[in-house]
Amino acid sequence: MVITSKSARYLAMAGSIIVLTGCNGSPAPLGISNPPPTPTLQQRIDAATNTVASNSACTTITPFYWEIGDANSFLASGTGGDNSALPPASFTLMPIASASKWIFSTYVVKERLGILSATDIKFLNFKSGYSNLSSCSTNTTVDGCLSEASVAGGTNGDYILATDGQFFYNGGHMQKLASSMGVMGSYLNAALAIEIETIGGGVNIEYLQPQLAGGIMASPSQYALFLRNILGGTYSFMLNLLGSNAVCTHTNSIDCPTAMFNPINQSLPGVTNDVSEEAWHYSLGHWVEDDPGVGDGAFSSAGRFGFYPWIDQSKTYYGVLARYDTVNVTNPDPKKAPYITSVYCGRLIRKAWELGQAQ
């Protein structure tokens, strides 16, 4: 900008308020810096790798494989952890526990052609009242699992009036919904896997038990393919439904009186918040990590043994932190539970990738 004598007189009259305009005429106040440049792919890779290698949230957990990619392809991967054993590889099959929930909810969304009923939504965001499931036998059917005894008393398929309309994290919601969908209730493990694989996109899974919310065994690469398929639109409805119909989940709080049990906060139903005080939301079979203090809005589905898949808030990148930690599942300190420690490490890897700076 060239300041003419006429401009100088105007600036003198304006006193201390100086507003210059850019070439497009928009205001460009002095002292406002430009946003930081977008990191290069190599900067992102280096930042994620260095975070895995140096941050104690990642170096103190059992060995893991990590991967990040976008809708088109895998972009980076590596291994990390405490060197207590060999880390898994991209092709290592492992139980993914609650990461199964995201796959089943995607199947339901596909079957409903993206149009969910109010009942579907209650089942998928865990407010249906079917909150009594503990585990399933390996050789039973979907319906057979519902009729089995629950460790809480009664059967896995019992409806609990007190939890209807309240958020209660439990596999019974999805088990009951699956039972109501066609002939799925009669399926054993193999038939169930074939049915769920009809979501398409080439994803191959196995069921260790016919439990929709937690029974899948898969490799990190297969789950990564599933996430790429969401981002790329292979599952044409799920991308737009990420984060939709979300309910609050923060237990023992004034901000969410409708939350009764949430493993992000509690180790067991009814206890104090002995895991964390983070306030997340729960959408259709997946979490929304939107805690006001530390959340970044990512969508995720952490499993009991530490398998942690995610899609970032912008729906641009996916990530998988894959581990099968049977040691800390029984750790007396709830804060050492594999699912929550994987979240803490995975969140840092995600932030490093976003900023191109090691955390």
### Query
Applying the selection to region 204-222, what residues are buried (at least 21 other Cβ atoms within 10 Å of the Cβ) and touching a strand residue (DSSP E or B) at 6+ places or on another chain (Cβ under 9 Å)?
I205, Y207, G214, G215, I216, A218, S219, P220
### Task
Being within 16 Å of L355 (Cα to Cα), free of Cβ contacts under 8 Å to residues at least 60 places away in the same chain and either out of contact with any Phe, Trp or Tyr (no Cβ under 9 Å at 6 or more places or on another chain) or among the aliphatic types (A, V, I, L, M) (or both) is the filter here, so list the residues in region 289-319 that pass it.
V294, D296, G297, A298, S314
## Note on the structure
Across region 161-210, the tally of residues that are within 23 Å of the chain's Cα centre (by Cα), part of a loop (DSSP other than H, G, I, E, B), small (G, A, S) and on the phi < 0 side of the Ramachandran plot stands at 1
### Query
If the Cβ limit is 9 Å and pairs must be 6+ apart or interchain, which residue in region 50-65 that is without any contact (Cβ under 8 Å) to a residue 40 or more places away in the chain pairs with which residue that is surrounded by fewer than 18 Cβ atoms within 10 Å (Cβ to Cβ) and hydroxyl-bearing (S, T, Y)?
A53/T59
### Message
Please determine whether any residue of region 154-165 is exposed (fewer than 15 other Cβ atoms within 10 Å of the Cβ) and among the hydrophobic types (A, V, I, L, M, F, W, C).
### Response
yes
### Summary
For region 180-198, the count of residues that are β-branched (V, I, T) and more than 16 Å from T106 (Cα to Cα) equals 1
## Note on the structure
When every residue in region 97-143 that is part of a helix (DSSP H, G or I) and touching a His at 6+ places or on another chain (Cβ under 6 Å) is compared, the one nearest to P210 (Cα to Cα) is W102
## Note on the structure
Over region 71-96, the set of residues within 25 Å of S54 (Cβ to Cβ) and part of a strand (DSSP E or B) is F74, L75, A76, S77, G78, T79, G80
### Message
Given the criterion surrounded by fewer than 16 Cβ atoms within 10 Å (Cβ to Cβ) and more than 30 Å from T49 (Cα to Cα), identify the matching residue among G114, G144.
### Response
G114
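Any read-out appearing in this document is the output of simple, stated calculations on the displayed coordinates, not a laboratory observation. Everything quoted here is computed from the prediction, not taken from an experiment. Cβ coordinates were reconstructed from backbone atoms using ideal geometry, including for glycine residues, and neighbour counts include every protein chain displayed.
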